[in-house]
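Read the structure below first, then the notes.
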Amino acid sequence: MSTSAFVFPGQGSQAVGMGRALAAVSPAAAAVFAQADEALGERLSRLAWEGPADELDLTVNAQPALLAASIAFLRALEERGAAAGRAPLAPAFAAGHSMGQYSALVAAGVISLADGIRLVRERGRLMQASGEGSPGAMAAIIGLPDERVDELVAVGAAHGIFGIANRNSPGQVVVSGVRPAVEAAAAAAKGMGAKRAIVLPVSVAAHSPLMAGAAAGMAAALAGVAFRDPAVPLLANADASQLTTAAACRAELVDHLTTGVDWIAAVTAMRDAGVTRFVEVGPGRVLSGLVRRIAPDAEILPLDDPNAPGGLADPDDTAAV
């Protein structure tokens with residue numbers, strides 16, 4: 001049995017230039033970007049490679065561009081393995097952080113690349129529309145003792161809709177809800193022992209009940225998309241339960257808009273199941289850093305650049321995946 005897991009980053013890992021060097025040396029990666037352009041009927045690849053950054057960072061652009069980049073890294077990894085005569089990759093699990101779950105679904109064969117690209121474009125549009133109809137806020141709380149998270153939630157909830165959007169690693173959570181609740185929690189956090197509390201420059205309360213409109217719209221968008229059972233087990237964002245059927249994967253894409261992402265539970269579940277190596281499939285090293293704090297004894301392999309140490313440039317790095 002494989003002892004590796006593939007993890008796929010979510011929004012925030014995007015950067016101008018992502019995947020450009022990879023596509024220049026990998027026909028398989030270049031083909032992914034070409035398919036993404038065709039799926040949207042526009043040059044998404046040009047935006048990912050050339051910017052401008054403020055346009056790439058828009059949710060409706062960042063999500064499909066990041067999905068394309070992540071799958072490009074995966075296809076390049078498979079291409080290199082095939083050229084070296086290695087067997088196809090068969091990780092024990094795949095898991096995506098928030099929007100990265102769509103990348104995991106494409107990687108696991110649940111949905112096609114074209115459908116994934118179109119779905120995350122619609123997801124971004126629906127999230128933005130929900131934010132305009134029900135404005136919210138989010139804040140990153142760094143260094144808060146885990147035992148005081150429930151107390152922080154109680155403080156915020158006293159001011160309206162509020163909850164934990166992301167449990168990213170020990171001592172690092174992101175909260176989400178109506179702005180008065182988020183601001184009250186951020187103000188109280190330092191008194192509870194947090195090192196930093198940063199209200200984020202967003203108007204969308206992701207992974208909260210304020211995304212109910214987006215969830216309803218996503219359910220409608222998913223109705224016409226073909227889903228297949230995953231080729232490898234996937235883990236749900238909310239509780240790290242295993243997703244092994246097409247129906248479960250479809251339902252989770254609706255549910256995770258209004259529920260939180262428990263990345264600690266996901267990494268812990270994979271580690272408890274025997275995973276010893278986590279491969280971050282996509283640009284950047286955000287998840288690598290989080291995994292390192294959750295499972296410091298695990299091996300971590302980011303694939304964020306073809307010329308980066310530990311990236312796709314060294315043919316021995318992925319031999320055991």
Let me test this: with uniform point scatterers at the alpha carbons of the stretch 25-96, what is the Debye-based log₁₀ I(q)/I(0) at q = 0.13, 0.18 1/Å? -0.44, -0.75
Ranked highest first by average number of other Cβ atoms within 10 Å, how do 293-299, 248-254 line up? 248-254, 293-299
With every protein chain present, what is the per residue accessible area of the stretch 19-108 (1.4 Å probe, Å²)? 36
Send over the per residue convex hull volume for the stretch 107-153, Cα only, as a whole number of Å³. 148
If we restrict to alpha carbons, what Rg and Dmax does the stretch 55-114 come to, in Å? 12.9, 41
Helical mean residue ellipticity (222 nm; -39500 (n - 2.57) per DSSP H run of 4+; nearest 500) of the chain: -13500 deg cm²/dmol
For the stretch 161-246, what's the radius of gyration and Dmax over Cα atoms, in angstrom? 16.7, 49
Accessible surface of the stretch 129-187, 1.4 Å probe, proportion on carbon and sulfur as whole %: 55
Need the C-alpha centroid separation for the stretch 17-31 versus the stretch 116-155, integer Å. 32
Can you give me the P(r) profile for the stretch 77-226? Cα pairs, bins 10 angstrom wide beginning at 0, each as a whole percent. 11, 31, 27, 20, 9, 2
Could you check which residue among G12, G124, G136 shows the biggest mean-square fluctuation in a GNM of the chain with a 10 Å Cα cutoff? G12
12 Å tail of the calculated P(r), the stretch 146-189, as % of Cα pairs: 52
How large is log10 I(q)/I(0) at q = 0.08, 0.12, 0.14 Å⁻¹ when the Debye formula is applied to the Cα atoms of the chain, each weighted equally and without solvent? -0.34, -0.78, -1.08
Å² per residue, accessible surface of the stretch 220-295 at 1.4 Å: 37
In whole percent, and with a 1.4 Å probe on the protein chains, what portion of the accessible area of the stretch 1-128 is carbon and sulfur? 54
Most fluctuating of A15, A212, A158 in the GNM of the chain (C-alpha, under 10 Å) is A158
Any idea how far the Cα center of the stretch 43-112 sits from the one of the stretch 225-284, in Å? 15
Starting from the Cα gyration tensor of the stretch 20-61, take the square roots of the eigenvalues, sort them a ≥ b ≥ c, and report rounded, prolate or oblate (rounded when a/c is under 1.5, otherwise prolate if a/b is larger than b/c, else oblate). oblate
Quick one: compute the contact order of the chain, relative version, from alpha carbon pairs under 8 angstrom and 6+ residues apart, as a percent. 22
Which value, in Å to one decimal place, does the Kirkwood hydrodynamic radius take for the stretch 77-143 when every pair of different Cα atoms is included? 14.9
Of the convex hull drawn through the C-alpha atoms of the stretch 14-147, the volume per residue in Å³ is 157
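The values are calculated or read from the model by the stated rules, or taken from the named source; none is laboratory data. These numbers were taken from a predicted model, which means no experiment stands behind them. FYI the Cβ positions are ideal-geometry reconstructions off the backbone, even for glycines, and counts take in every protein chain you see. For the accessible areas, the whole protein counts, side chains as well, though only heavy atoms, and no ligand, DNA or RNA atoms are used. Shrake-Rupley method; radii C 1.70, N 1.55, O 1.52, S 1.80 Å.
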